[in-house]
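Have a look at the structure below, then the notes.
The values are calculated or read from the model by the stated rules, or taken from the named source; none is laboratory data. Quantities reported herein were computed from a predicted structural model and do not represent experimental measurements. FYI the Cβ positions are ideal-geometry reconstructions off the backbone, even for glycines, and counts take in every protein chain you see. For the accessible areas, the whole protein counts, side chains as well, though only heavy atoms, and no ligand, DNA or RNA atoms are used. Shrake-Rupley method; radii C 1.70, N 1.55, O 1.52, S 1.80 Å.
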Amino acid sequence: MAEDDDEVVVLGGVYSLFSMRARLALSVKGIPYQNREEDLSHKSPLLLQANPIHKKVPVLIHNGKPVCESLIIVEYVDEAWRDRTPPLMPSHPYDRAQARFWADVADKKLFPAGGKLWTTKGRELEANRKEFIRVLKLFEAELGEKPYFGGQSLGFLDVALAVYCTWFQVFEVYGNFRIKDHCPKVAAWGNRCMDMDTVSKALPHPNDLYQFVSALRNTWFA
Ligand code: GS8
């Protein structure tokens, strides 16, 4: 069981969606941590040592022991700080399997579809917008009438997905559509998440992220 004076470090990138998950899980559970930004073009010896297989962020280092892969980190935080509320993983094995399944769908389908909304233009963008909306509608159906994917309170899948909320502005502006027009339940869920201090404070502000992406696009599409 984790103790109050534990050393908790996150190696991450400020705009890295996967790193946001690690910070968000810790924030939601109220666990103090040290954030160390990695320059991914000059990875630190600590990152290379902590994640020698993938050499990627995020890495959570708990009392010197590294945990890699964002979804594994979220589950680890939930288990290591089991006494802290809210519990993130559902209590029933089937619900846990479903939550993990949808988090995997997010990584395999939503992440690439979201990325293509701000990195493409013209006809290609039109096709990418359709695909993004198609995938987001899968989550709209999965959410149904629940306030959170975890049910009545924020859970594992909410943490896995809430990191997208700060990206919604980028998706909407460059994808040229409104999420609420296609997926009103997901849009309302996003507002509900961003209204929580533990969520919004753990994520970069949507405007800062938008500025960052705009600057990137200016260099690519110059
Ligand atoms: C993905 C991490 C990742 O792609 C997870 O943690 O869930 N499946 C992993 N991290 C990126 C930054 S976010 O876009 C990264 O570290 N890239 C550096 C590199 O590829 O060299």
Q. What number of residues within the stretch 174-222 satisfy the criterion of being surrounded by fewer than 16 Cβ atoms within 10 Å (Cβ to Cβ), small (Gly, Ala, Ser) and under 15 Å from Leu24 (Cβ atoms)?
A. 0
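Here is a yes/no grid of residues against (1) at pLDDT 95 or above; (2) loosely packed, with under 13 Cβ neighbours inside 10 Å; (3) more than 18 Å from the chain's Cα centre (by Cα):
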{"position": "Pro66", "(1), (2), (3)": "yes, no, yes"}
{"position": "Trp81", "(1), (2), (3)": "yes, no, yes"}
{"position": "Arg84", "(1), (2), (3)": "yes, no, yes"}
{"position": "Met89", "(1), (2), (3)": "yes, no, no"}
{"position": "Ala97", "(1), (2), (3)": "yes, yes, yes"}
{"position": "Arg100", "(1), (2), (3)": "yes, no, no"}
Q: Determine the pairs where a residue that is small (Gly, Ala, Ser), located within the stretch 199-213, has a partner that is open to solvent by 20 Å² or more (accessible area, probe 1.4 Å) and not in a loop (DSSP other than H, G, I, E, B) with Cβ atoms under 6 Å apart, the partner being 6 or more residues away or on another chain.
A: Ser200/Met194; Ala202/Ser27
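Yes or no: Lys56 buried (at least 19 other Cβ atoms within 10 Å of the Cβ), more than 17 Å from Leu161 (Cα to Cα), near the ligand (Cβ under 10 Å from one of its atoms) and not aliphatic (A, V, I, L, M)? Talk me through it step by step, then tell me what you get.
Working: buried (at least 19 other Cβ atoms within 10 Å of the Cβ): yes; more than 17 Å from Leu161 (Cα to Cα): yes; near the ligand (Cβ under 10 Å from one of its atoms): yes; not aliphatic (A, V, I, L, M): yes.
It is true that Lys56 is buried (at least 19 other Cβ atoms within 10 Å of the Cβ), more than 17 Å from Leu161 (Cα to Cα), near the ligand (Cβ under 10 Å from one of its atoms) and not aliphatic (A, V, I, L, M).
Looking at Arg23, is it under 27 Å from Asp208 (Cβ atoms), within 14 Å of the ligand (Cβ to nearest atom) and buried (at least 20 other Cβ atoms within 10 Å of the Cβ)?
On the way: under 27 Å from Asp208 (Cβ atoms): yes; within 14 Å of the ligand (Cβ to nearest atom): yes; buried (at least 20 other Cβ atoms within 10 Å of the Cβ): yes.
So Arg23 passes the test.
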(Q) So the check is Cβ under 9 Å with 6+ separation or different chains; which pairs have a first residue in the stretch 141-155 that's part of a strand (DSSP E or B) and a second one that's open to solvent by less than 30 Å² (accessible area, probe 1.4 Å) and among the small types (Gly, Ala, Ser)? (A) Tyr148/Gly155
Q. Can you find a residue in the stretch 112-124 that is basic (Lys, Arg), out of contact with any strand residue (DSSP E or B) (no Cβ under 8 Å at 6 or more places or on another chain) and closer than 12 Å to Leu11 by Cα?
A. no
Q. Residues that are at pLDDT 95 or above and small (Gly, Ala, Ser): which helices (runs of 4 or more DSSP H) entirely in the stretch 163-222 hold 3 or more of them?
A. 184-194
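Restricting attention to the stretch 1-37, which residues are among the hydroxyl-bearing types (Ser, Thr, Tyr) and touching a residue at least 60 places away in the same chain (Cβ under 8 Å)? Give the steps one after another, and end with the answer.
Our first condition is that a residue be among the hydroxyl-bearing types (Ser, Thr, Tyr); within the stretch 1-37, this holds for 15-16, 19, 27, 33.
Passing the criteria: Tyr15, Ser27.
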**Q.** Checking Asp39 against (1) surrounded by 12 or more Cβ atoms within 10 Å (Cβ to Cβ); (2) more than 10 Å from the ligand (Cβ to nearest atom); (3) acidic (Asp, Glu), the condition it does not meet
**A.** (1)
